[in-house]
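The values are calculated or read from the model by the stated rules, or taken from the named source; none is laboratory data. The structure presented is a predicted model; accordingly, all values stated were derived computationally and were not measured. Quick reminder, even Gly has a Cβ in these numbers, built from the backbone with ideal geometry, and neighbours come from all protein chains shown. SASA here: full protein model, heavy atoms, side chains in, ligands and nucleic acids out. Shrake-Rupley method; radii C 1.70, N 1.55, O 1.52, S 1.80 Å.
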Amino acid sequence: MVWHAAIVDQLSIEGSWLFTPRVHADPRGAFLEAFKAAELPHPLGVAQVNCSVSRAGVLRGVHYADVPPGQAKYVTCVSGAVLDVVVDLRAGSPTFGRWESAVLDDETRRAMLVAEGLGHAFMALSEQATVVYLCSATYNPAGEHGVNPLDPDLGIDWPAGLEPVLSDQDAAAPSLAEALAAGLLPDYRTCREFYATLH
């Protein structure tokens, strides 16, 4: 069998990439390389693996962590489908406040790599969706934060026809403007300097 590298698309937000693996199917099923460290354009030392199971409409995020050390994530949906979203929350970034999205599902097996300092969120599109994400740092409650995913100024285009289901914590998260004014957001220059230490 001849293996080919995944297709890696850099998104418009610096520090975010979409991976489309080569899926090899035969009468038995399918096989793919779901994660390959050597192919990553941004180093990711895996410190923790998270798994979440969500029903349709569940919206998790927008989550981010203080930098340093931050928390980079490599996200894939192993069952069902989600709309995965990355948001540039780095104050001073040329793309500050911009977001991009991609459907991750159990057919294309695509994955999203999100660097430290960026915000991440997803909404479950299928009746049930299981998301697995590899994290560069362990969970640190004191350094974890959120921005309200329904902030109208952020304007994330969540799917119509699904009523968003949020945790109390996510629903009470500040808007982007509030988080910026409170000095809660990562600094773009600090993030860039931190990225340089990873190579």
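In the range 73-132, which residues are among the acidic types (Asp, Glu), under 11 Å from the mean Cα position of the chain (by Cα) and open to solvent by 10 Å² or more (accessible area, probe 1.4 Å)?
The one that is among the acidic types (Asp, Glu), under 11 Å from the mean Cα position of the chain (by Cα) and open to solvent by 10 Å² or more (accessible area, probe 1.4 Å): GLU100.
If HIS199 passes every condition in (1) open to solvent by less than 80 Å² (accessible area, probe 1.4 Å); (2) more than 19 Å from HIS63 (Cβ to Cβ); (3) touching a residue at least 24 places away in the same chain (Cβ under 8 Å) but one, which one does it miss?
(1)
Checking ARG109 against (1) in contact (Cβ under 8 Å) with a residue 40 or more places away in the chain; (2) touching a Cys at 6+ places or on another chain (Cβ under 8 Å); (3) not β-branched (Val, Ile, Thr), only one condition comes out false. Which one?
It fails just one condition, (2).
Considering only residues that are among the hydroxyl-bearing types (Ser, Thr, Tyr) and assigned to a loop (DSSP other than H, G, I, E, B), which ones fall in the range 120-164?
SER126, SER136, THR138, TYR139
Give the residue, chosen from GLY97, GLY117, GLY70, GLY61, that is assigned to a strand (DSSP E or B) and within 16 Å of LEU185 (Cβ to Cβ).
GLY61
Can you report the number of residues in the range 1-12 which are touching a residue at least 24 places away in the same chain (Cβ under 8 Å) and out of contact with any Phe, Trp or Tyr (no Cβ under 8 Å at 6 or more places or on another chain)?
Here the count works out to 3.
So which residues in the range 137-171 are within 16 Å of the chain's Cα centre (by Cα) and small (Gly, Ala, Ser), if there are any at all?
Of everything in the range 137-171, those that are within 16 Å of the chain's Cα centre (by Cα) and small (Gly, Ala, Ser) turn out to be ALA137, GLY146.
Are any of the residues in the range 75-82 under 18 Å from THR190 (Cβ atoms), in contact (Cβ under 8 Å) with a residue 24 or more places away in the chain and not in a loop (DSSP other than H, G, I, E, B)? So that I can check it myself, show each step before the final result.
So in the range 75-82, the residues under 18 Å from THR190 (Cβ atoms) come out as none.
Looking for residues that are under 18 Å from THR190 (Cβ atoms), in contact (Cβ under 8 Å) with a residue 24 or more places away in the chain and not in a loop (DSSP other than H, G, I, E, B), one finds none in the range 75-82, hence no.
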